[in-house]
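Engineer: Below is a structure I'd like to ask you about.
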Amino acid sequence: MRVNADFNKRTLVRFNENEWVASPMPGVERKMLDRIGEEVARATTIVRFAPGSAFSAHTHDGGEEYLVLDGTFQDEDGDFPAGSYVRNPPTSSHTPAAQDGATILVKLHQFDPTDRTQVQIDTGNAGWIETEEGVSKLPLHTDVRETVAMEHWDAGTVRTLDASGGLEIFVIDGSLNEGGDTLSRWDWLRLPVGASFEATTGAEGARVWVKTGHLNHVAERVA
């Protein structure tokens, strides 16, 4: 399976225009943003867990990174409410569930194989930093391959980001305009290596999840 597998292209997926697809596990549905592979895949996905649904115990050979968008996600490490950011490195294993239901943004098989860094951050209670007028930032993870952060941009803010190594941005809430397109809640944009990013927020501002630099390390950029 190949979904948005040409990493040389600007790719925009609107949440409201992307259909839910059933997964092999009862009560678990997903909206695929990009994917190379079948059930074991390099993938970026929005996954929705119905109350009481769960996955069988499994190991993440290529690592797992997720942001809880709503509800509460659970595994052996405890409960992860909306706003939780988690990185489970290669060789880690768990048995995920959502007793009361949850929706997550998840990225699979995109880690350095030698990465063993576990990250668990409650972004609602973490220390945000005002980096410039109208911009607050919460660093989530940085290594030689990528930088991951959440940012809050006030209404009418013009924000420029370094997209030279590729960029992904996911709108958690609010709205922004980039390249003539308006992105709203749970819309996802991927820009290729060598791109530039400048966006202007709407009347309610925007809170976004941003990853940069990582597409330099995609072995296969063209479908």
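Engineer: Between Asp6 and Glu39, what is 0.36 nm times their sequence separation minus the Cα-Cα distance? Round to one decimal in nm.
Structural biologist: 9.9 nm
Engineer: Looking at the chain, which longest stretch skips every one of the GluC sites (Glu not before Pro) that is in a DSSP loop with at most 13 other Cβ atoms within 10 Å, leaving the sites themselves out?
Structural biologist: It works out to 134-219.
Engineer: Loop-only chymotrypsin sites (Phe, Trp or Tyr not before Pro) in the range 97-160, please: DSSP not H, G, I, E or B, and at most 16 other Cβ atoms within 10 Å.
Structural biologist: Those that pass, being in a loop and sparsely packed, are Trp128.
Engineer: Work from the charge dipole of the chain (Cβ charges, +1 for Lys and Arg, -1 for Asp and Glu, about the Cα centre) and give the residue of Asn16, Thr142, Gly202 farthest towards its positive end.
Structural biologist: Asn16
Engineer: Tell me the label only: which of (1) 17.1; (2) 15.1; (3) 11.5 is mean projected area of the Cα convex hull in nm² as calculated from this structure?
Structural biologist: Working out mean projected area of the Cα convex hull in nm² from the coordinates points to (3).
Engineer: For the range 1-100, build the charge dipole from Cβ charges (+1 Lys, Arg; -1 Asp, Glu) around the Cα centre, then report which of Phe80, Val40, Met25 sits farthest towards its positive end.
Structural biologist: Farthest towards the positive end: Val40.
Engineer: Could you name the lysines in cross-link range of Lys9, using Cα to Cα under 24 Å and dropping any fewer than eight places away on the same chain?
Structural biologist: Those lysines meeting the cut-off are Lys31, Lys107, Lys211.
Engineer: Give me the percent of accessible area attributable to carbon and sulfur for the chain, probe 1.4 angstrom. Provide the component values of the computation, followed by the final result.
Structural biologist: Values: 4730 of 9840 Å².
On the chain, the fraction of accessible area on carbon and sulfur atoms equals 48 percent.
Engineer: Please give the charge dipole size of the chain, origin at the Cα centre, charges +1 on K and R Cβ atoms and -1 on D and E Cβ atoms. Round to the nearest 20 debye.
Structural biologist: Value, rounded to 20: 560 debye.
The values are calculated or read from the model by the stated rules, or taken from the named source; none is laboratory data. All figures in this text were calculated on a predicted structure; none of them were measured in a lab. Here Cβ is always computed from backbone atoms with ideal geometry, including for glycine, and neighbour counts include all displayed protein chains. Keep in mind that these areas ignore ligands, DNA and RNA; they rest on the heavy atoms of the full protein, side chains included. Shrake-Rupley method; radii C 1.70, N 1.55, O 1.52, S 1.80 Å.
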